[in-house]
Amino acid sequence: MAFIAGPRQVGKTTLSRSFSPDAVYFNWDNEEHRRVILQGTKAVHDYIGLKKHPVIIFDELHKFPNWKIFLKGFYDTHAHSEGIRVIVTGSARLDIYRKGGDSLMGRYFLYRMHPFTVAELVSPAEDEAETVRPPAEIPRDLWDNLCGFGGFPQPLIRANRRFYNRWKRTRKAQVFREDIFDISRVQEVRSIEMLAELVAMQSGQLVSYASFARKIGASQDSIRRWLGILQDLYYCFAVRPWHKNVGRALRKEPKFYLWDWGMLDDPGARHENMVASHLLKAVHYWTDTGVGDFGLYFLRTREKKEVDFLVTRDDFPWFLVEVKTSDRSLSRSLEYFQKITKASHAFQVSIDAPFVDTDCFSVSYPVKVPARTFLSQLV
């Protein structure tokens, strides 16, 4: 089975149904489909009929409390022996449910679906065994739309501010009025909404749980739990500090970024968040497709020497990234942290710099690179 997880409105259902035009589609939110699923695996098998080796899509199945037991039974009884291919999609993390069923380990591969990025827009078909790609230029208007409206399909394609504002309100209502109750019994929805607003205001900054707790009037334990819920629902993601072999490095305080960087009004914060999202998509894709075990971190010492991002490969530093909106002088922190971590590459990524048809990863010393070039070489 293939599990496709990702935020609402990112295109999971569209992608899943494109694999097979005659796929059998079940949506938990559809009353008829839900009734069939609740009758058990045999009822689902009978509903499929006599199709040979069909593709079956279970959409939002995680809302069913016993979804793991159901899937395990269906796979073991029908899918595995009859060659039925199963796709399961969800807008909450499909690996967060620890209770209510046996493990599905060994029966599925998990793929995490992200918004559009530069590389996907300019050269979508690449060998999954590769990591970085050759550079490719993105059209200026598409680049401006990606920076301004984020990478979710509908706002990016429409490129209309009034549409984006309506779309954003609808998606926010779905997350905070529907999804929270699907995965949690938390009743303090308004408090979680306030926390989400604070996370957006402090995107890319060090998180203080105590400060959030004071502003919202809640305990730090509640703040940590609610941040976990916001991550489970793909509202935001955490980037944690890397401290191995780095003297006086921060060890605890994470930074948070939004899945939809278009929500950020400040250009500097939005640009840094956009690069963070590109890097997260790359490390998820490389990990999910078996290239290796990749991670995304940042570096900061107690003396406030800092680099925005570090990408690791199999638990070893691979490359450093510092994000700048304009073409500024090279950050001294890049050279400092490259020497300490022994990372193979160190990039100062300039958002405003024009595209250059040069392989960023051919250079091993700290170097300034255009964002349009660097991001086109990821995923």
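No value in this document is a laboratory result; all are computed from the given coordinates. Computed from a predicted structure; not experimentally measured. Note: ideal-geometry Cβ built from the backbone for every residue, glycine included; neighbour counts use all protein chains shown.
Data for the structure
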read-out: Computed lengthening from Ile157 to Asp293, 0.36 nm per intervening residue step minus Cα-Cα distance; value: 45.7 nm
read-out: Relative packing of 84-91, 335-342, which averages over residues the other C-beta atoms within 10 Å, highest first; value: 84-91, 335-342
read-out: Ellipsoid semi-axes in whole angstrom, largest first, where each is sqrt(5λ) of the Cα gyration tensor of the chain; value: 37, 25, 21
read-out: Computed [θ] at 222 nm, deg cm²/dmol, the chain (DSSP H ≥ 4; -39,500 (n - 2.57); rounded to nearest 500); value: -10500 deg cm²/dmol
read-out: Simple spin-label estimate for Met201 and Asn66 in nanometres, 7 Å along Cα-Cβ; value: 4.6
read-out: Residue among Ala196, Ala353, Ala218 with the largest mean-square fluctuation in a Gaussian network model of the chain, springs linking Cα atoms under 10 Å; value: Ala218
read-out: Antiparallel DSSP beta bridges within the stretch 118-377, as percent of all bridges there, nearest 5; value: 60
read-out: Residues Leu15, Leu250 arranged by fewest to most Cβ contacts within 10 Å; value: Leu15, Leu250
read-out: Overall form of the stretch 275-325 per C-alpha gyration tensor (a/c, 1.5; a/b vs b/c); value: oblate
read-out: Segments 268-279, 109-120 sorted - mean Cβ within 10 Å per residue, highest first; value: 268-279, 109-120
read-out: The chain - charge dipole about Cα centre, Lys and Arg +1 at Cβ, Asp and Glu -1, debye rounded to 20; value: 1180
read-out: Average Cα contact separation per residue, the chain, under 8 Å, 6 or more apart, as relative contact order %; value: 16
read-out: The stretch 2-112 shape via C-alpha gyration tensor axes, a/c threshold 1.5; value: rounded
read-out: Anisotropy class of the stretch 232-379 from Cα gyration tensor, a/c 1.5 cut; value: rounded
read-out: Residues listed by number, the stretch 237-264, amide nitrogen under 14 Å from Tyr336 label point at 7 Å toward C-beta; value: 246-250
read-out: Considering only the stretch 1-122, percent of DSSP beta bridges that pair antiparallel, nearest 5; value: 0
